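The values are calculated or read from the model by the stated rules, or taken from the named source; none is laboratory data. Keep in mind that what you see is a predicted model, and the values were worked out from it rather than measured. No Cβ is skipped: glycine too gets one built from the backbone with ideal geometry, and neighbour counts run over all protein chains shown.
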Amino acid sequence: MVLENGVKHMSSGVFPVQGQIIWPGSCYWGAGALSRAMQAARSRLHRPLVVSDAGVWAALGPVVAEEFAALDWQVYDGVVSNPSLGQVREALRVAQAHGCQSVVAVGGGSVMDVAKLTLACLASGLEVDELTTSNGQAWLSEPASTLDPFFMAVPTTAGTGSESSTAALIQGEDGRKHLFRSTRARPSVVALQPDLTLSLPSRPTAHGGFDAVLHALGAWVNQDHSPVGKAMALHALRICMKALPAVLVAPGSLQARAEMQMGAYLAGVAIGMCKVDAVHALCTPLESRVHTAHAEVLGPVFSVVSRHTIEKAPAPYAEAARALGLPSAGDERSAALSLIDAVEELSVQAGIPIHFEDLHLTAEDAHLLALQAQRSASLPLHPCELGLDEIKSLYLQMAS
């Protein structure tokens, strides 16, 4: 299959590229965004469950409580990094015990993901374990409904873009991370208020920003054809490549943090429309083995996968490099390399290694990881086809 002038040519005939654009809800950004979002959402916040983590809630709970003063609300602040289905069960128990009818997520990507599945259970009447069954998947795949419980997001990080994407990544009982997608579990109202990110420590600030960069880049280079998603991805990449270094140098800059929030938000919109590429597809299985921060897996995976990919398909990387104004020798491969070099330099600036220091994989390990990576919906969208043996080889390169 090849693409010429927006038309896919198949052996069975010719047809125009097709798709669907499902736009996110309302996003309020900048100073006072939380208050403005609350004004818009108040009539729809019926007995809200606030989902958060202990650190965020200790720092920002009073701010949120002031906005929620006139509401009957409850809080679950038990979310931790790399959340499990068990935390979704705990949040759901709190919601059910108090008759909560809407959900507000206050925190980072882990909080957003737990909140999404909690809302899905409240709306569907299903238990957490049933979301992986045919009934759960049927509910998740249906279009959003005005009858679904209201969902509001207040991100306190700038990274995963979970506040604007359709995806939730949760660790299952088997230790593997499972991806859930649903437009029904995407927030209807989002408040991007930069001063709410000031209490975030430097390490998760850097890690989240790097994740946003690779979300934007993955959505841009892959073979999905959503015109809006591609425009969002490239613009998000421009913003993040500028804003992340600025935040790292001046963490107290509200301007830099506001730009980073917007970059992460737009990257989330992009991956909701386009998905990502093989970088995240190979990253997810590996995270069940290395037990380290998401960004610290992304760095080495990106380095190996992207350098392999541009030997076959440099064009999308080169186009991004030119859009960012990166210097290159002019040919596609050189331009693509300039982009990869820039992302790797940003990774190092963020304190994220681009090589694993202590990763040991046997050929059998690599085979099992490759089989898991092949289940990703993003892998077939990668700029070039990656077969099972090729993926195994890439994993072994990461371990060498």
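Go through segment 226-253 residue by residue and tally those that are of a type in the set (S, T, N, Q) and within 15 Å of PRO201 (Cα to Cα).
Going through segment 226-253 one residue at a time, the tally reaches 1.
For segment 134-181, what are the residues that are in contact with a helix residue (DSSP H, G or I) (Cβ under 7 Å, 6 or more places away or on another chain), over 28 Å from GLN255 (Cα atoms), of a type in the set (A, V, I, L, M, F, W, C) and part of a loop (DSSP other than H, G, I, E, B)?
ALA144
Does VAL276 fit the bill of being among the β-branched types (Val, Ile, Thr), under 30 Å from ASP389 (Cα atoms) and either crowded, with 21+ Cβ neighbours inside 10 Å or in contact with a His (Cβ under 8 Å, 6 or more places away or on another chain) (or both)?
Details: among the β-branched types (Val, Ile, Thr): yes; under 30 Å from ASP389 (Cα atoms): yes; either crowded, with 21+ Cβ neighbours inside 10 Å or in contact with a His (Cβ under 8 Å, 6 or more places away or on another chain) (or both): yes.
Considered against the rule, which asks whether it is among the β-branched types (Val, Ile, Thr), under 30 Å from ASP389 (Cα atoms) and either crowded, with 21+ Cβ neighbours inside 10 Å or in contact with a His (Cβ under 8 Å, 6 or more places away or on another chain) (or both), VAL276 comes out as yes.
Just the residues that are part of a helix (DSSP H, G or I), aliphatic (A, V, I, L, M) and under 20 Å from TYR76 (Cα atoms), please, taken from segment 111-133.
Selection gives VAL111, MET112, VAL114, ALA115, LEU117, LEU119, ALA120, LEU122, ALA123, VAL128.
With respect to the numbered conditions (1) charged (D, E, K, R); (2) touching a residue at least 60 places away in the same chain (Cβ under 8 Å); (3) under 24 Å from ALA40 (Cβ atoms), which one is the sole condition not fulfilled by ARG176?
(3)
Which residues, taken from segment 68-110, are of a type in the set (A, V, I, L, M), part of a strand (DSSP E or B) and in contact with a Phe, Trp or Tyr (Cβ under 6 Å, 6 or more places away or on another chain)?
Hit for segment 68-110 is VAL103, nothing else.
Is one or more of the residues making up segment 179-202 aromatic (Phe, Trp, Tyr) and at pLDDT 95 or above? Full working, then the answer.
Going residue by residue through segment 179-202, those that are aromatic (Phe, Trp, Tyr) are 180.
Now narrow it down to the ones that are at pLDDT 95 or above: none.
For segment 179-202, residues aromatic (Phe, Trp, Tyr) and at pLDDT 95 or above: absent.
Specify the residue that is farthest from HIS207 (Cα to Cα); the eligible residues are those in segment 140-157 that are at pLDDT 90 or above and of a type in the set (A, V, I, L, M).
LEU140
Out of the residues in segment 376-389 that are exposed (fewer than 14 other Cβ atoms within 10 Å of the Cβ) and modelled with pLDDT of 95 or more, which is farthest from LEU359 (Cα to Cα)?
GLU385
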